[in-house]
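Reading through the C-alpha cells given below for one structure.
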Amino acid sequence: MRKLLASFLLLASLGLAASAQSPVKLSLYDTIAWPNTSTTNVSLGLIDNNTPTVHGLDWNFISARAEEMHGLQAAFAYARSYEMRGLQTAIYTTSKDAIGVQWGLLNVSDNLTGVQWGFVNVNDMEALGAQIGAVNFAQNMTGLQFGFYNQSQYFTGLQFGFVNNITVIDRGLQIGFVNIIKNSGWFPGMIFVNGRF
C-alpha cells in the first residue's frame, strides 16, 4: 500500500512540475499552507484545506474543500467540491456537479452522474446512475434507487426497497413492501410490485 501511494504521489507531482503551479501543497488550516497555491496535483492537510483546483489527490484529516476536484478527495468529516470528477469520500460529502462516486454517511449533490453510496443520499436536481443506501432522495432520477426508503419526484428506472415513493414515473419498476406512485403508475399504491412501461 505504501509503494502504491508513493507511486501515485510521484506521478501526480510530475504532471505539473514544469508549470507555475505547485505539484504538492501541504496545509494546516485553510490558507495556512506551503506553498499557498490555488492549483495543485496533491493536496495534503491536517485540519482543513481550501485549494480551489486539485487534479489528483485531495487528502485531509478533517475537512477537504475544492472548487474543482478531479481524482480522489478524502477526509474524515467533510468533503466538498463544486465540480467533482472521480471519488469523494468522508462522513459528509457534497458536490454541485458530481461525475463519479460519492461515498459517505451523508452524500448530497445537485447534479450526479454516477453513484451515491451511503446511509442517506440526496440529489437536488438531476441524477443519472444509482443511489445505494438506507434512505435515498432524488428530484429527477434515471437509474437505480436501492434502500429501505426511496423517494423521487420524477423517476425512470428501478426502485428496490421496503418503501418506494414516486410522484411521477416515466418508465420503470418498483419492487418492495409498499410502492407508491402518485401520478401515471399502474396503481397509486401497491404491495410488492408497481410501475409503468
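Read-outs throughout are calculated quantities, based only on the coordinates presented, and are distinct from any laboratory measurement. The structure presented is a predicted model; accordingly, all values stated were derived computationally and were not measured. Neighbour counts are summed over all protein chains in view; Cβ atoms, including those assigned to glycine, are modelled from backbone coordinates with ideal geometry.
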Shape category assigned to segment 113-161 from the gyration tensor of Cα positions, a/c cut at 1.5 | rounded
Burial ranking of peptide ranges 174-185, 70-81 (average Cβ count within 10 Å, highest at the top) | 70-81, 174-185
Using a ≥ b ≥ c from the Cα gyration tensor of segment 131-197 (square roots of the eigenvalues), is it rounded, prolate or oblate, where a/c under 1.5 gives rounded and otherwise the larger of a/b and b/c decides, a/b for prolate?
-> oblate
Stokes-Einstein D for segment 40-197, Kirkwood Rh over Cα pairs, 37 °C, 0.692 mPa s (µm²/s) = 210
Given a Förster distance of 25 angstrom, what is the FRET efficiency for residue 77 paired with residue 182, based on the Cβ-Cβ distance and rounded to 0.05?
-> 0.10
Can you grab the distance from the C-alpha centre of segment 40-82 to the C-alpha centre of segment 136-186, Å, no decimals?
-> 33
